[in-house]
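Derivation of every value follows stated rules applied to the coordinates shown; laboratory data play no part. Keep in mind the model is a prediction, meaning the values are calculated, not measured. Glycine also receives a Cβ, built like all others from the backbone with ideal geometry; neighbour counts cover every protein chain displayed.
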Amino acid sequence: MVPLSWYLGLSAMLFTIGAVGVFIKRNAITIFLCIELMLNAVNLTLVSLSGFFGDVGGQLFVFIVMTVAAAEAAVGLAIIISIFRNRESLNVDEVDTLKL
Amino acid sequence: MNFFHTEPLLAIIIMAPLIGAAILGLLGKRMGERLIGLIACSTVAMSAILSFYLFFKHHAELEQGQKFYDYLFTWISVGTFRADASLLLDSLSAIYILFITFVAFWIHVFATGYMRGDKGYWRFFAYMNLFMFSMLTLVLADNFLLMFVGWEGVGLCSYLLIGYYFTKDFANDAAKKAFIVNRIGDFGFALGVMLLFLKAGSIFYFDDPARGIHGAFNWAFSQVHDPLALSAIFAGGITTIAVLLFVGATGKSAQLPLYVWLPDAMAGPTPVSALIHAATMVTAGVYMVARASSIYTHAPTAMMIMAIIGAATALFAATIGLAQWDIKKVLAYSTISQLGYMFLACGVGAFGAGIFHVFTHAFFKALLFLGAGSVIIGMHHEQDMRRMGGLKKYMRITCLTMLAGWLAISGFPLLSGFFSKDEILFKTFTSVVLPAPWPRILWFIAAVTALLTAVYMTRLIVLTFWGDERFMDADSASSHSNEGHGHAGKPHESPKSMLIPLIVLAAGAILVGFVGVPEILSVGQTGNYFEHFIHQSVEGPTTQFDAADAGGDWYRQFIEEQRVEWILLIVSTAIALIGMGFGWVWFKRKPLWEPPSLLEHKYYVDEVYDAAVVQPIKQGSINVLWKFIDVRIIDGAVNGAGQLADLFGGTLRYLQSGLARSYVALVVLGALLIIGYFVIR
């Protein structure tokens with residue numbers, strides 16, 4: 001049986017990749033995918049800890065996270081599409097109209 | 001002997017017109033005129049037949065002052081406060097439902113002819129039936145709150161029907177005026193009922209052992225008479241209740257100073273003027289006062305106020321009626337004047353005489369209004385008497401029936417108005433309720449009013465039916481031809497559906513007076529039957545002076561009283577004949593005699609009210625409420641909140657760099673700090 005620490009290690013790696021991706025990338029879609037990666041890293045933690053402690057609550061949380069992620073994906077993609085239609089660009093640094 | 005009975009048929013009397021109103025209001029738009037007329041008339045006919053049936057069935061019991069209840073359900077029950085939807089038939093409400101349903105039925109029949117071809121035919125009859133429901137509820141209610149329901153209901157229907165021609169500005173203005181002025185009165189009425197509950201602990205009129213109810217009038221009986229003093233009005237006792245209720249009556253029954261709505265109410269169709277603004281609704285105030293007679297007899301100050309206002313209104317309105325050119329306006333002021341008579345009667349303690357005048361007035365005034373309606377239709381919607389004249393040749397039956405109404409209202413001997421008006425004059429003269437000089441003064445005012453009544457009614461008849469035919473030249477010159485009637489020209493007699501009600505009501509105006517023949521004229525001196533009957537529910541003129549008067553020589557007093565009654569009878573007959581004779585001679589010679597402009601302009605009361613009440617409210621609304629409170633304070637607060645948010649946001653936006661990665665960095669940093677805090681701890 002795979003020990004818990006492996007799962008947590010994998011999850012930590014995935015999360016770090018996601019966080020770094022959000023940091024260094026400028027393309028909105030890539031950033032978006034990185035956010036999804038972080039969400040799923042957390043999901044993995046929740047599932048594995050749920051199995052470890054024998055508590056089904058963790059898996060329930062995963063469903064909620066997935067639901068929210070789905071909604072967030074729909075809204076986020078819609079925003080990205082309309083930004084692209086308006087600006088012909090997906091560079092997040094260019095979207096700064098509200099800045100003084 | 002069981003004093004209280006149950007009579008389940010009472011509910012049907014009020015429900016029949018309500019069902020009619022519901023059918024016509026919901027489905028009437030798709031019905032033909034015949035069917036609408038049939039439904040409207042048959043529901044009222046049903047109420048009328050039931051009223052007559054109950055009257056004759058229970059006649060003996062009613063005559064002994066027994067009461068019939070119809071308990072439907074308990075409407076409100078909070079703590080000790082209780083109001084039921086329950087109906088009461090006693091001799092007072094029996095008289096009222098008899099003439100209301102009878103007169104209303106014939107007015108409905110008349111209206112089927114009068115409203116022919118009108119687009120809102122169904123709407124008109126739905127309102128009329130709704131009015132009947134409200135009016136009968138008002139009269140049959142057995143407590144003040146249910147009476148108030150009917151009271152407001154008739155006000156609503158009055159508003160709807162005055163504004164029936166809602167595309168015309170003047171009709172809408174008149175409707176609003178009626179509603180708002182009535183509101184002032186209703187405010188007094190509502191306060192009066194509240195105070196009554198506070199003092200008496202009940203808003204029911206009488207006891208009902210079956211329901212364990214104690215009537216408010218029992219409380220009134222147990223009170224000592226309030227003193228006759230102005231301070232009693234503000235003492236918060238029985239006089240205050242009486243005065244507040246009377247304020248309600250002045251609104252509904254168009255007394256000084258709230259009468260101004262009634263002349264304008266003539267903007268509605270003529271059958272409405274006949275039914276609501278002459279025969280029934282406007283007498284609701286008199287009904288309420290008579291109903292509360294046991295309160296009033298304990299409040300001499302309120303009685304005095306009522307008598308003075310009644311007499312003043314009678315004289316005031318009669319002088320205005322003398323100078324109007326619009327045929328309906330003359331009748332409107334005449335109605336106000338006659339209502340003044342009724343309140344005068346109640347104010348001097350002769351509630352029976354007041355109700356008797358309500359009763360006879362319903363017949364002859366409905367007749368006169370319907371006659372005027374017939375003339376208006378015959379003249380192709382012309383209401384100005386200056387453009388009438390000589391109509392007797394063209395409208396024979398209308399003319400004959402209106403003559404009956406004219407003789408009745410003027411007090412021609414042995415017609416209905418003669419008996420009731422004479423009764424009021426006599427009771428005023430011999431009143432023991434008011435202190436010494438007042439009965440004579442009020443009698444004099446009432447007598448002068450009787451004279452004026454005879455004069456202005458004669459003027460109306462002469463200007464309309466006699467003299468030169470003034471409509472021909474007027475017709476060609478006036479802007480009248482563009483009203484789209486197409487058949488302008490010679491006046492014509494009205495259809496049968498309008499003439500039959502006129503004939504029936506004319507017979508009524510001539511004959512109904514005989515139910516209240518005064519004692520001295522009655523065969524075998526059997527006494528005034530009507531008064532005897534009505535005094536089973538209404539208190540007679542009992543006062544604090546009575547005890548002293550009830551000495552040994554009552555017989556001498558009785559003979560003395562009869563002598564006075566004979567003299568007054570002859571005097572009032574003479575007054576009526578002089579008035580009619582003078583009017584006949586004067587207006588035949590000078591039909592277009594210009595009355596003093598002060599009278600023609602109704603003493604400028606509307607202008608005074610406009611300057612004293614309407615304009616200050618308007619200006620106050622514009623300059624204070626709108627331009628200051630609304631614009632400055634309310635809008636200012638809303639805009640201020642917006643500006644505040646703008647200020648904060650404008651300051652905080654300096655924190656935003658616009659670089660997405662810097663935000664991410666801050667988020668990660670924050671997360672690390674929190675995690676670090678937990679780790680270190």
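On a 26 Å Cα-Cα criterion, which of the cross-link pairs B:393/B:588; B:252/B:365; B:29/B:329; B:328/B:392 come out too long? Flagged as over cut-off: B:29/B:329. The P(r) of segment B:1-158 has a tail past 23 Å containing 39 percent of all C-alpha pairs. Rounded to the nearest 500, the 222 nm mean residue ellipticity of the protein assembly as shown from helices alone is -22000 deg cm²/dmol, with -39,500 (n - 2.57) taken per DSSP H run of at least 4 residues.
Annotation: extensible slack from residue B:235 through residue B:634 equals 139.6 nm (criterion: 0.36 nm per residue apart, minus Cα-Cα distance).
Taking each residue as 0.36 nm, the span from residue B:72 to residue B:671 lengthens on full extension beyond its C-alpha to C-alpha distance by 208.4 nm.
Compared with the direct C-alpha span, the chain from residue B:59 to residue B:603 gains 191.1 nm at full extension, assuming 0.36 nm per residue. Arranged from fewest to most other beta-carbon atoms within 10 Å of their beta carbon, B:647, B:145, B:452 become B:647, B:145, B:452.
In the neighborhood of residue B:365, defined by Cβ-to-Cβ distances under 15 Å, what is the net charge if each Lys or Arg adds +1 and each Asp or Glu adds -1? Charge balance near residue B:365 sits at +3. Of all lysines in the structure, the ones whose alpha carbon falls short of 21 Å from that of residue B:67, not counting any fewer than 8 places away in one chain, are B:57. When the alpha carbon gyration tensor of segment A:26-91 is reduced to an equivalent ellipsoid, its three semi-axes come out at 32, 12, 4 angstrom, largest first.
Using alpha carbons only, the radius of gyration of the protein assembly as shown set against its Kirkwood radius gives Rg/Rh = 1.25. Under 27 Å of direct C-alpha separation, and excluding same-chain neighbours fewer than eight residues apart, residue B:627 reaches these lysines: B:176, B:177, B:618.
Relative contact order of chain A, taken over Cα pairs closer than 8 Å and 6 or more residues apart, is 28 percent. A prolate overall shape is assigned to segment B:607-680, the ratio a/c of its alpha-carbon gyration tensor axes (a ≥ b ≥ c) being 1.5 or greater and a/b exceeding b/c. With R₀ fixed at 22 Å, the C-beta to C-beta distance from residue B:118 to residue B:27 puts the FRET efficiency at about 0.75. With neighbours defined as other Cβ atoms within 10 Å of a residue's Cβ, the residues B:96, B:603 order from fewest to most as B:603, B:96.
The distance between label points at residue A:52 and residue B:444 comes to 11.4 nm (points 7 Å beyond Cα on the Cα→Cβ vector). Dipole size of the protein assembly as shown about its Cα centre, with +1 on Lys/Arg Cβ and -1 on Asp/Glu Cβ: approximately 1580 debye, rounded to the nearest 20. Excluding same-chain neighbours fewer than eight residues apart, the aspartates and glutamates reachable from residue B:602 by a Cα-Cα span under 19 Å are B:173, B:264, B:326, B:384, B:594, B:610. Note on chain A: with a GNM built from Cα contacts shorter than 10 Å, the maximum mean-square fluctuation among A:86, A:43, A:27 falls on A:86. For segment B:362-437, the calculated P(r), taken from all Cα-Cα distances in 10 Å bins from zero up to the bin holding the longest distance, is 18, 36, 23, 14, 8, 1 percent.
Note on B:358, B:504, B:613: ascending count of other Cβ atoms within 10 Å places them as B:613, B:504, B:358, the fewest first. Enclosing the Cα atoms of segment B:4-600 in their convex hull gives a volume equal to 146 cubic angstrom per residue.
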